[in-house]
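Written out below as structure tokens is the structure these notes cover.
The values are calculated or read from the model by the stated rules, or taken from the named source; none is laboratory data. Keep in mind the model is a prediction, meaning the values are calculated, not measured. Don't worry about glycine lacking a Cβ; one is built from the backbone with ideal geometry, like all the others, and counts go over all protein chains shown.
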């Protein structure tokens, strides 16, 4: 089942505005430089719908915080990617992965919403949290990041490249 047919998106454009100065809108989280990837053993695709828990994988699924409710679930990862501008241009500044299980047939899934929110925060804080990914999942993610924008991959810190090696 190809959930992503015709759904390939892109990473958000890095803006140069940084106007945190108090007043109206102070303290608002800016997701302008955050994108999301849905990752599995089969593929990795950019799916910005995941920013609002409406990715192709999540649509129509009733999620539970109890993993035992999804015994036949397929493992997916929601990967948060924050981009930033450095001396050499744009780069992948933060990349984190959160696990979820989805049983499309039963329309049931498992995820820990607090983990998804915390990992988004970690990506925005320029961290790389990719523990738990299989070698194939790492390869899929690395290939997508490289193919999507070779320059951002080249400019990414060695820490990210080592975690996906």
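All but one of (1) buried (at least 17 other Cβ atoms within 10 Å of the Cβ); (2) assigned to a helix (DSSP H, G or I) hold for residue 146; which doesn't?
(1)
Just one of 17, 62, 54 is farther than 22 Å from residue 138 by Cα and either modelled with pLDDT of 95 or more or surrounded by 18 or more Cβ atoms within 10 Å (Cβ to Cβ) (or both); which is it? Outline the logic, then answer.
On the way: 17 fails: either modelled with pLDDT of 95 or more or surrounded by 18 or more Cβ atoms within 10 Å (Cβ to Cβ) (or both); 54 fails: either modelled with pLDDT of 95 or more or surrounded by 18 or more Cβ atoms within 10 Å (Cβ to Cβ) (or both).
Just a single option satisfies the conditions, and that option is 62.
Identify, from the list 38, 28, the residue that is touching a helix residue (DSSP H, G or I) at 6+ places or on another chain (Cβ under 9 Å) and either modelled with pLDDT of 95 or more or exposed (fewer than 12 other Cβ atoms within 10 Å of the Cβ) (or both). Working first, answer last.
On the way: 28 fails: touching a helix residue (DSSP H, G or I) at 6+ places or on another chain (Cβ under 9 Å).
After applying the criteria, what remains is 38.
Can residue 160 be described as surrounded by 15 or more Cβ atoms within 10 Å (Cβ to Cβ) and assigned to a helix (DSSP H, G or I)?
yes
Of these, 100, 85, which one is at negative phi, in a strand (DSSP E or B) and surrounded by fewer than 19 Cβ atoms within 10 Å (Cβ to Cβ)? Steps first, please.
Working: 100 fails: surrounded by fewer than 19 Cβ atoms within 10 Å (Cβ to Cβ).
Just one listed residue meets the conditions, 85.
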